[in-house]
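Written below as structure tokens is the structure these notes are about.
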Number of protein chains: 2
Amino acid sequence: MDDLTEMLKGTLEGCVLEIISGEETYGYAITRRLHELGFTDVIEGTVYTILLRLERNGLVQVTKRPSGVGPPRKFYALNDAGRGELAAFWTKWQYVSSRIDKLRIDKLKEGGR
Amino acid sequence: MDDLTEMLKGTLEGCVLEIISGEETYGYAITRRLHELGFTDVIEGTVYTILLRLERNGLVQVTKRPSGVGPPRKFYALNDAGRGELAAFWTKWQYVSSRIDKLRIDKLKEGGR
DNA sequence: GCCCACTACTCGGTGATACCGTATAGTGGT
DNA sequence: ACCACTATACGGTATCACCGAGTAGTGGGC
């Protein structure tokens, strides 16, 4: 799949919040999870900028823990503000995606005139 | 619905392409159509920016016609490149939205542990 | 005749976001 | 000693939607 960066703007952060909400985790693992999900072109640097932003905006609780296989990891967990932000994200996503899907379905219904 | 601007990045242009593909139309009418579709906060200036970009990128054919109720209108129609871009947009949208929905559904399935 | 509302388009500048490249650093294998 | 893998940080860039102000044409109320 070719370049998705523009379409991911405004949604990638929500995806990261969702991943964090599932379990306390860290940047390197989040990147691999995104790759598994199909977002194969998302690069580590992007994930770290999002995580630093989440921290700066007070949406996460951060805990540094030693790794055993490399440098220490920064584990992220959502706080109340983060859970609120995640809920707001899904509300927005539902709103936007349903309307875009409708625009597409209406077109398909015409039967390609 | 509060601010959707970030989430619309990369998709609003596709919506405009879709609207144009339905019928030859012009900026002011496209703006009203977007409002009808639920994107009530999209402002005229944004639509015109997109239209100028489409023109600059050679995705549309432009015809100026007198209006009768105001200044002349610039009517936009997709050319072959524009139809290709629209098809690519829907492919991307399908790819991204299905994966994001999956992320959400997987979470709901857990039953809010 | 004059202002105003509605229609219709343009353009310079702003803010947010994902991406790129590079740097730093810990662990373990050869 | 070198390299691969793990793990994070940071300055700079491109793109996009948005903002604000400006320009114009038509028609209605006073």
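The values are calculated or read from the model by the stated rules, or taken from the named source; none is laboratory data. All values reported here derive from a predicted model rather than from experimental measurement. Neighbour counts run over all protein chains shown; Cβ positions are idealised from the backbone, glycine included. For accessibility, only protein heavy atoms count, side chains too; no ligands or nucleic acids. Shrake-Rupley method; radii C 1.70, N 1.55, O 1.52, S 1.80 Å.
The calculated FRET efficiency for B:ALA81 paired with B:ARG53, based on their beta-carbon distance and R0 = 22 Å, is about 0.95.
Name the shape class, rounded, prolate or oblate, that the alpha-carbon gyration tensor gives for region A:19-70, where a ≥ b ≥ c are the square roots of its eigenvalues, rounded holds for a/c under 1.5, and otherwise prolate holds if a/b is larger than b/c and oblate otherwise. It comes out oblate by the Cα gyration axes. Normalised by 2.2 N^0.38 Å, where N counts its residues, the alpha-carbon radius of gyration of the protein assembly as shown equals 1.19. Interface residues of region B:76-111, defined as a loss of at least 40 Å² in heavy-atom accessible area between the chain alone and the complex of all protein chains with a 1.4 Å probe, are B:TRP90, B:LYS92, B:TRP93, B:TYR95, B:VAL96, B:ARG99, B:ILE100, B:LEU103, B:ARG104, B:LYS107. A label point on B:ASP80, set 7 Å along the Cα-to-Cβ line, lies at 6.1 nm from each of its counterparts in the other copies, closest listed first.
For B:LEU37, the amide hydrogen comes within under 5 Å of no other amide hydrogen, counting only partners 5 or more places away or on other chains and with H modelled in the peptide plane.
Taking every alpha-carbon pair within chain B, the share separated by more than 16 Å comes to 64 percent.
Note the buried accessible area between B and A here, summed over both chains, with a 1.4 Å probe, in Å² to the nearest 100. Don't jump to the answer; show the numbers that get you there.
On the way: alone 8040 and 8050 Å², together 12460 Å².
Chain pair B/A: roughly 3600 Å² of buried accessible area.
The charge dipole of region A:5-109, taken about the Cα centre with unit charges on the Cβ atoms of Lys, Arg (+1) and Asp, Glu (-1), comes to about 160 debye, rounded to the nearest 20.
Size of the dipole of the protein assembly as shown about the Cα centre, Lys and Arg at +1 and Asp and Glu at -1 on the beta carbon, nothing else charged, in debye to 20?
On the way: 34 positive and 32 negative charges, 12 e Å.
Here the protein assembly as shown has a charge dipole of around 60 debye.
Ligands, DNA and RNA left out, the accessible area of region A:5-109 computed with a 1.4 Å probe is 53% carbon and sulfur. Only helices reaching 20 angstrom along their own axis (Cα) with mean Kyte-Doolittle hydropathy no lower than -1.0 count here, and for the DSSP H runs of chain A these are A:80-109.
Express the accessible area of the protein assembly as shown per residue in Å², computed with a 1.4 Å probe while the remaining protein chains stay in the model.
On the way: 12460 Å² over 226 residues.
Heavy-atom accessible area per residue stands at 55 Å².
Rounded to 0.05, the FRET efficiency of the A:THR40 and B:LYS109 pair, given R0 = 22 Å and the Cβ-Cβ distance, is 0.40. What gaps in nm, shortest first, separate B:ASP101 from its twins in the other copies when you place the label 7 Å past Cα toward the beta carbon? Going from nearest to farthest copy, the values are 0.4 nm. By Cβ position, the chain B residue that hugs the axis carrying B onto A most closely, with its distance in whole Å, is B:LYS9, 2. Counting 0.36 nm for each residue step from B:VAL69 to B:ARG99 and taking away their Cα separation leaves a gain of 6.2 nm.
Distance between the C-alpha centres of region B:46-67 and region A:17-83: 41 Å, rounded to the whole angstrom.
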